[in-house]
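This report concerns only the one structure given below.
The values are calculated or read from the model by the stated rules, or taken from the named source; none is laboratory data. This one's a predicted model, so the numbers in the text were calculated from it and none came from an experiment. Note that each Cβ is placed from the backbone with ideal geometry, even for glycine, and that neighbours are counted across all protein chains shown.
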Amino acid sequence: MSASHDKAGGLPPAAVESFWLETARSMARESVNSIEEAAKQVIAIASVAQTVYFAAISFSRLRMVIGRLAPMEQIIVALALISPLVCWVFALYFAIRVFKPEMYRTDLSSADRAEEMHYRVVAYKHQQLQRAYWFLVLGFIPLLVNVMLSFFVV
């Protein structure tokens, strides 16, 4: 019995190859949809994070605390408070770019050009999604710093 036959759980090599080829085809067909679904999740998370953050700032005693600070300290605190929002706005921007229609030139009679176009579309959408993820995560860093500092300042 061959090694590839053993790994396949008793299936002959041709069936294993067929399975993996069909899996790859399915992944290629669904790649754009899965990236777009992930972008929708980033949009939802960033929107909820902004809403909760705005509510937390609205109900906090920051106005009283900021009013007692020197003008330069007020600017620093204001920048610290808006930094998570700026990051999340950029996350929304890049997540929305996943859905932005682009023009891609291709030759539908050429399999190579169709494949190349598909890779370009997926690469573009993936790059925008990665940027959205990084800004989403980056926004939580100043948020945590702000929360920790609020325990000491307020």
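Beta carbons closer than 6 Å, at least 6 apart along the sequence or on distinct chains, pair a first residue in region 47-62 that is more than 20 Å from Ile75 (Cβ to Cβ) with a second that is assigned to a helix (DSSP H, G or I) for Ala49/Trp88; Gln50/Trp88. Per the listing Val98, Val89, the residue uniquely in contact with an Asp or Glu (Cβ under 7 Å, 6 or more places away or on another chain) and among the aliphatic types (A, V, I, L, M) is Val98. Within region 15-28, can one find any residue that is surrounded by 11 or more Cβ atoms within 10 Å (Cβ to Cβ), in contact (Cβ under 8 Å) with a residue 40 or more places away in the chain, over 27 Å from Ser150 (Cα atoms) and not aromatic (Phe, Trp, Tyr)? So far as region 15-28 goes, yes, one or more of its residues are surrounded by 11 or more Cβ atoms within 10 Å (Cβ to Cβ), in contact (Cβ under 8 Å) with a residue 40 or more places away in the chain, over 27 Å from Ser150 (Cα atoms) and not aromatic (Phe, Trp, Tyr). Of all residues assigned to region 102-119, none qualifies as being of a type outside the set (Phe, Trp, Tyr), closer than 22 Å to Phe152 by Cβ, touching a helix residue (DSSP H, G or I) at 6+ places or on another chain (Cβ under 7 Å) and modelled with pLDDT under 85. Does at least one position in region 101-108 carry a residue that is β-branched (Val, Ile, Thr), over 25 Å from the mean Cα position of the chain (by Cα) and either within 30 Å of Arg25 (Cβ to Cβ) or in a helix (DSSP H, G or I) (or both)? Yes; the residues of region 101-108 include at least one that is β-branched (Val, Ile, Thr), over 25 Å from the mean Cα position of the chain (by Cα) and either within 30 Å of Arg25 (Cβ to Cβ) or in a helix (DSSP H, G or I) (or both). So is Val32 β-branched (Val, Ile, Thr), surrounded by fewer than 14 Cβ atoms within 10 Å (Cβ to Cβ) and either in contact (Cβ under 8 Å) with a residue 24 or more places away in the chain or within 16 Å of Phe140 (Cα to Cα) (or both) or not? It is false that Val32 is β-branched (Val, Ile, Thr), surrounded by fewer than 14 Cβ atoms within 10 Å (Cβ to Cβ) and either in contact (Cβ under 8 Å) with a residue 24 or more places away in the chain or within 16 Å of Phe140 (Cα to Cα) (or both). For region 48-80, taking the residues that are in a helix (DSSP H, G or I) and of a type in the set (S, T, N, Q), the one that is surrounded by the most Cβ atoms within 10 Å (Cβ to Cβ) is identified as Gln50.
When the test is whether a residue is surrounded by 14 or more Cβ atoms within 10 Å (Cβ to Cβ), in contact (Cβ under 8 Å) with a residue 12 or more places away in the chain and of a type in the set (Ser, Thr, Tyr), Ser83 passes it.
Remark: pairs (first residue in region 125-154, small (Gly, Ala, Ser) and modelled with pLDDT under 95; second residue surrounded by fewer than 16 Cβ atoms within 10 Å (Cβ to Cβ) and assigned to a loop (DSSP other than H, G, I, E, B); Cβ separation under 8 Å; 6+ apart in sequence or on different chains) = Ser150/Ser60.
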